[in-house]
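Okay, structure first, notes after.
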Amino acid sequence: MVASPAPSAAEGVDAPRYLDIPNWDLLRLLPPDARRLVDVGCNAGALGLHYKRINPQCHYAGLEIDAPVAAIARTRLDRVEVVNVEDPANDALFEPGSVDCLIYGDMLEHAIDPWALLKRHQHWLSDRGVIIACIPNVQHWTIWAELLRGQWTYQDTGLLDRTHLRFFTLDSIKDLFTGAGLELLSIYPRYGNRREVADTLAAQLQGACELLKGDASALADRLATIQYIVRARRPAPTPPRRLLIQTCIHEPVACKRVRVSEPDAFLDRLPGVRTHATENGASIGIEHPGEEVVFIWQRAILSREKNLSHMRRLIQRGYVSILEIDDDPLRWPAVAASDFWGYRACHAIQTSTEQLADFLRQINPNVTVFPNAIAALPRRRPPTDPQAPTTIFFGSLNRRPDWLPLLPAINRVLADRGDRVRVEVIYDQAFFDALETPHKTFQPLVPFETYGETLSRCDIALLPLNPTRFNAMKSDLSFVECAARGVAVLASPVAYGATLRDGETGLLFKTPGQFERRLAALIDRPDLRDRLTANAYDWVKTQRMLAGGFRDRYDWYLQLRDRLPELNGQLRDRLPELFAES
């Protein structure tokens, strides 16, 4: 189980702390593209606050019985009703079939009749609707410790919260949902602290389990689990297709997060989908019975000499193979020297820009574009303080030819403004050394979290790219990341001209002179920066959220699976050697 990240601070509201911390494990299971969510027992709306950064286009409603707490939730959610959810009169709050996700976060144990509640509420669910619930486990070792001491002590929070009316184990949780006529999709444990106590206690109880004909095989896990997170839905006419998306990552530093990790985390939330990613190596044959497999090579340089047998095995096992590439293939001489063997040896290619796709379709006809997108939108940046210094951001890898023609203009602008302007530089030591100002800070190559924090402290980002073939194939990810963080962008038309609306969401430049004038304007006019960044933020919110496009990947993968005989025929025509005997 992945450890939960530390909660962020509440945003300008007052609430008891335990009401204001979202259940991070619950958040990770909410469908990213749900159109309407209903949070039953929403408390102060912390879960919805964070979810709306993932899916800002959703309608997130909360039901809460505590009026003062609900008042806080109203500042965060789209709709909040102060109701007793167990009153059948409130079943008409939402139209049947109008809800894509029904959430019970640590709520069902407070209900008088959770069995009836699930039966009544499920009619709100749409055809693709799911229920996500978090329920305490009364089998946790701390409860055993209480009982062995002859205690059952109610507290203000925790497993023995004095407001808990119902208590569940793993088996009775399953019965709760299946008894309501729901189909269980998954049950995940949330482990508490001191796992070693659970393991020791389980070992001591082996004999008792045998005597009482209990199941001792999973006892340690059950004793260690403090809560279970359940995914369920109304029974569907047909079960979801089971799909394994397996990725072999060859360049972890290069876009692993945005091209693999974040899309995988979203795809994992779809019923029937399982993702598995490894770095610089992958095992064939990890699929479960009944799973269809899509095998993705991320930035791999495949060759006949090294990969022929591997590609044959993929075909023999009925896999769909895809190459994921987000840079100009000619960057690697070995690719062209092999006559693009790896690009032709895969069934299909996925990429990040239409420019790349146009080139790749000359090699393989089955190419699709998944534009780079933001998984979670940061908070909207407040208006600029006109009295504060302006901070310029520059971060790049191997970009000396792109910034060198602009360096005199940059240094003139810095010299004219003295300590009113600071510069933050990541990775490019040569650029940092060439800046003629003492008001500058340098960081080497840093983790993405540090990069994001640094970018968020800045006001202006410089994105220069010369008109070369390699640059023309680059994606607009840097602009998207700046726009999401409220950083005004001064960029070249290369790579950014098709996305950035000049004068509306950022500024473009074509000559060093225009660059200098526009950089000066961005520094001297905070109102201009605020207008550009507000428009750019709204553009990301509506056009470049991963929540709005991740399902396109799933649909395409299923289409490729359905076309597998045809795709194998194309492979045979391109590279007959893939089908020859080893």
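The values are calculated or read from the model by the stated rules, or taken from the named source; none is laboratory data. Not measured: the values here are computed from a predicted model. Note that we place each Cβ from the backbone using ideal geometry, even for glycine, and neighbour counts take in every protein chain shown.
Go through segment 308-338 residue by residue and tally those that are of a type outside the set (A, V, I, L, M, F, W, C) and closer than 30 Å to residue 496 by Cα. Can you show your working first?
Of segment 308-338, the ones of a type outside the set (A, V, I, L, M, F, W, C) are 309-310, 312-313, 316-319, 321, 324, 326-329, 331, 333, 338.
Narrowing the set further to residues that are closer than 30 Å to residue 496 by Cα leaves 324, 326-329, 331, 333.
Total satisfying the criteria: 7.
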Worksheet item: So which of 178, 157, 163, 153 is part of a helix (DSSP H, G or I), in the same structural domain as residue 98 (by TED's automatic domain parsing) and among the hydroxyl-bearing types (Ser, Thr, Tyr)?
Response: 178
Worksheet item: Looking at segment 442-459, is at least one residue surrounded by 20 or more Cβ atoms within 10 Å (Cβ to Cβ) and over 26 Å from the mean Cα position of the chain (by Cα)?
Response: no
Worksheet item: Which condition does residue 201 not pass, out of (1) at pLDDT below 90; (2) more than 30 Å from residue 171 (Cα to Cα), if it passes all the others?
Response: (2)
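With respect to residue 63, determine if the residue is in a strand (DSSP E or B) and on the phi < 0 side of the Ramachandran plot.
When the stated conditions are applied, residue 63 passes them.
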Worksheet item: If a residue has to be among the hydrophobic types (A, V, I, L, M, F, W, C), closer than 18 Å to residue 41 by Cβ and in contact with a strand residue (DSSP E or B) (Cβ under 7 Å, 6 or more places away or on another chain) to count, how many in segment 115-174 make the cut?
Response: 11
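Take the residues in segment 366-378 that are closer than 20 Å to residue 258 by Cβ, part of a loop (DSSP other than H, G, I, E, B) and of a type outside the set (Phe, Trp, Tyr); name whichever of them is farthest from the chain's Cα centre (by Cα).
Ranking the candidates gives 371 first.
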Discussion item. Quick test of your reading of the structure: residue 560 fulfils all but one of (1) in contact with a Pro (Cβ under 9 Å, 6 or more places away or on another chain); (2) in the same structural domain as residue 352 (by TED's automatic domain parsing). Name the failing condition by number.
Written reply: (1)
Response to the item:
The number of residues in segment 383-431 that are surrounded by 14 or more Cβ atoms within 10 Å (Cβ to Cβ) and part of a loop (DSSP other than H, G, I, E, B) is 6
Worksheet entry | Single match in 491, 520, 498 (criterion: more than 30 Å from residue 420 (Cβ to Cβ) and in the same structural domain as residue 415 (by TED's automatic domain parsing)) | 498
Practice prompt. For segment 125-146, name all the residues that are more than 30 Å from residue 195 (Cα to Cα), of a type outside the set (Val, Ile, Thr) and crowded, with 22+ Cβ neighbours inside 10 Å.
Written response: 125, 129
Worksheet item: Just one of 185, 201 is in contact (Cβ under 8 Å) with a residue 40 or more places away in the chain and part of a helix (DSSP H, G or I); which is it?
Response: 201
Worksheet item: Counting only residues that are over 29 Å from the mean Cα position of the chain (by Cα) and more than 15 Å from residue 254 (Cα to Cα), how many does segment 319-345 have?
Response: 12
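On the basis of being outside the structural domain of residue 120 (by TED's automatic domain parsing) and in contact (Cβ under 8 Å) with a residue 40 or more places away in the chain, does residue 224 make the cut?
Here the answer is no, as residue 224 does not meet what is asked.
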Worksheet item: Does residue 120 count as surrounded by 15 or more Cβ atoms within 10 Å (Cβ to Cβ), of a type outside the set (Ser, Thr, Tyr) and either touching a residue at least 60 places away in the same chain (Cβ under 8 Å) or part of a loop (DSSP other than H, G, I, E, B) (or both)?
Response: no
Worksheet item: For segment 94-102, does any single residue satisfy the condition of being under 18 Å from residue 132 (Cβ atoms) and of a type in the set (S, T, N, Q)?
Response: yes
Discussion item. I'd like the full set of residues that are under 20 Å from residue 485 (Cα atoms), out of contact with any strand residue (DSSP E or B) (no Cβ under 8 Å at 6 or more places or on another chain) and touching a residue at least 24 places away in the same chain (Cβ under 8 Å), limited to segment 402-454.
Written reply: 448, 452
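For segment 481-527: of the residues being in a loop (DSSP other than H, G, I, E, B) and of a type in the set (Gly, Ala, Ser), which is farthest from residue 354 (Cα to Cα)?
From segment 481-527, those in a loop (DSSP other than H, G, I, E, B) are 485-487, 492, 497-501, 503-505, 509-511, 525; that's our starting set.
Those left that are additionally of a type in the set (Gly, Ala, Ser): 486, 492, 497-498, 503.
Details: 486: 26, 492: 18, 497: 13, 498: 10, 503: 24 Å.
The selected residue is 486.
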Worksheet item: Of the residues that make up segment 92-112, is at least one over 19 Å from residue 31 (Cβ atoms), in a helix (DSSP H, G or I) and touching a residue at least 60 places away in the same chain (Cβ under 8 Å)?
Response: yes
Item to complete: Kindly indicate the residue of segment 510-522 that is in contact (Cβ under 8 Å) with a residue 40 or more places away in the chain and either within 30 Å of the chain's Cα centre (by Cα) or more than 11 Å from residue 488 (Cα to Cα) (or both) and also surrounded by the fewest Cβ atoms within 10 Å (Cβ to Cβ) among those meeting that condition.
Response: 513
Item to complete: Return only the number of the condition from (1) buried (at least 23 other Cβ atoms within 10 Å of the Cβ); (2) among the hydrophobic types (A, V, I, L, M, F, W, C); (3) at pLDDT below 95 that residue 63 does not satisfy.
Response: (3)
Worksheet item: Only one of 247, 238, 278 is surrounded by fewer than 15 Cβ atoms within 10 Å (Cβ to Cβ) and touching a residue at least 12 places away in the same chain (Cβ under 8 Å); which?
Response: 278
Worksheet entry | Failed condition for residue 221, given (1) in a loop (DSSP other than H, G, I, E, B); (2) out of contact with any strand residue (DSSP E or B) (no Cβ under 6 Å at 6 or more places or on another chain); (3) under 26 Å from residue 27 (Cβ atoms) | (1)
